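Beneath this line is the structure, given in structure tokens, with notes to follow.
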Amino acid sequence: MTGSVEFAFVGGLRQDYCITHDGRVFAGMLGGNALYAAVGAKIWGASVGIISRVGSDYPIVWLDQLRSRGFNLDGVRVLPEPQDTRTFYAYTSPDERSDTSPASHFLRVGRPLPKGLLGYQHSTLQQDQRASPGPLAVRIDDLPSWVTRCRGIHFSPADYLTHLTIPMHLRELGVKKLTLDPSVMYMDPGFRRELPSVLKGLDAFMPSMMEAEAFFRPQRLRVWEMTEAFLAMGCGLVVIKRGANGQAVVDGASGRRWNVPAYRARVTDVTGAGDAYCGGFLVGLDQTGDPLEAALRGGVSSSLVIEGTGALYALDALPGLAKARLHALRQTVGKA
């Protein structure tokens, strides 16, 4: 599929296995952080592309389905060998999840372990490698020709080496807006020296509260102390995502900061909520140049995703619903 792509999303296309906070089970579903982020952007009418790697065993029908929904997949490289693209999440509450030991979680809800999860470890293996990228890590050579014409590119959680090398390359090519959501694997005190090289030159750095706290341990910093520390590493904006508690947003250029509450949506499945937030944020930042307006669009994208199950659910929202929620959420914001 060719044509204009306004925003691109780099990261994973996965096969999701999920136990929701209320004990429902979904096995072998189309998912992945890059897809959820792309959906978060597409909610606002954006033309989007996905840049990812999958194995020869990845369901072709899923790729066909994504193309039929208007996603540009020129940047998806299908490798000649099978690859493990499984992701498992078990939510013990809407804000707490585990991505390991699936057998124990299925036992907890009284369900058998799906055959598709036999031998599963976790989905972030090798993402902290400093020397050589894993097979599913996106390389510079994977970038499609249209990437230089994008208005913005977001990096979903992925390999440290992908996050270190490709944003720098894209900045040199003239891509105007670059945002990044880090991998939990390198949000660790052992990466204190390396993280500034990832953040330098980003328009927005968007970790979760859990990841931010993990990076600064054993220190116990307040949220605004963490945002200032990340800003000092060289990025323009910092957004710390706090789930149902909203987001802490800081603009490095102006010094402005906001507590942005989450939209009070009906929670069905929170899978992909943070990724969809990032997609909406990127579109909002490009369209308005205003960090607060970007955060509001991110929050609306997230709210639509969590009301159903599956990566594409939010694309079938009622026309006008996103704009209505944007207006309502805008009224609730307070400065920090």
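Just so it is clear, none of the values below were taken in a lab; they were calculated from the coordinates. Note that this is a predicted model, so its numbers are computed, not measured. Using ideal geometry, Cβ is built from the backbone for each residue, glycine included, and neighbour counts are taken over all protein chains shown.
Results, tabulated for the structure shown:
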item	result
Taking region 264-309 and dividing mean pair separation by its residue count, relative contact order in percent (alpha carbons under 8 Å, at least six apart)	55
Lysines with Cα under 30 Å of LYS177, excluding same-chain neighbours fewer than 8 positions away	LYS42, LYS200, LYS241, LYS323, LYS335
Simple spin-label estimate for ARG130 and ASP95 in nanometres, 7 Å along Cα-Cβ	3.4
The chain - mean residue ellipticity at 222 nm from DSSP helices (-39,500 (n - 2.57) per run, n ≥ 4, rounded to 500)	-9000 deg cm²/dmol
Cβ-derived FRET efficiency at R0 45 Å, LYS115 paired with HIS327, nearest 0.05	0.45
Distance between modelled label sites at LEU318 and LEU221, nm, 7 Å Cα→Cβ extension	4.3
Volume per residue that the Cα convex hull of region 114-187 spans, once the total is divided by residue count, Å³	121
Distance in nm between pseudo-label sites at ASP57 and ASP141 (7 Å out along the Cβ direction from Cα)	2.4
Qualifying trypsin sites (Lys or Arg not before Pro) in region 191-227, DSSP loop, other Cβ atoms within 10 Å at most 12	ARG192, ARG193, ARG220, ARG222
Given charges at Cβ of Lys, Arg, Asp, Glu: the chain dipole, positive-most of GLY334, PHE205, CYS278	GLY334
Region 100-172: trypsin sites (Lys or Arg not before Pro) falling in loop per DSSP and having at most 13 other Cβ within 10 Å	ARG130
Among LYS241, LYS42, LYS176, residue whose mean-square fluctuation peaks in a GNM of the chain (springs only between Cα atoms under 10 Å)	LYS176
Cα-based Rg of region 183-314 normalised by 2.2 N^0.38 Å, two decimals	1.03
Size of region 7-335 as Cα extents on the principal axes (Å, biggest first)	52, 45, 41
Projected-area average for region 25-144 over all orientations - Cα convex hull basis, square nanometres	9.2
Dipole moment magnitude, nearest 20 debye, region 7-335 about Cα centre, only Lys, Arg, Asp, Glu C-beta charged	620
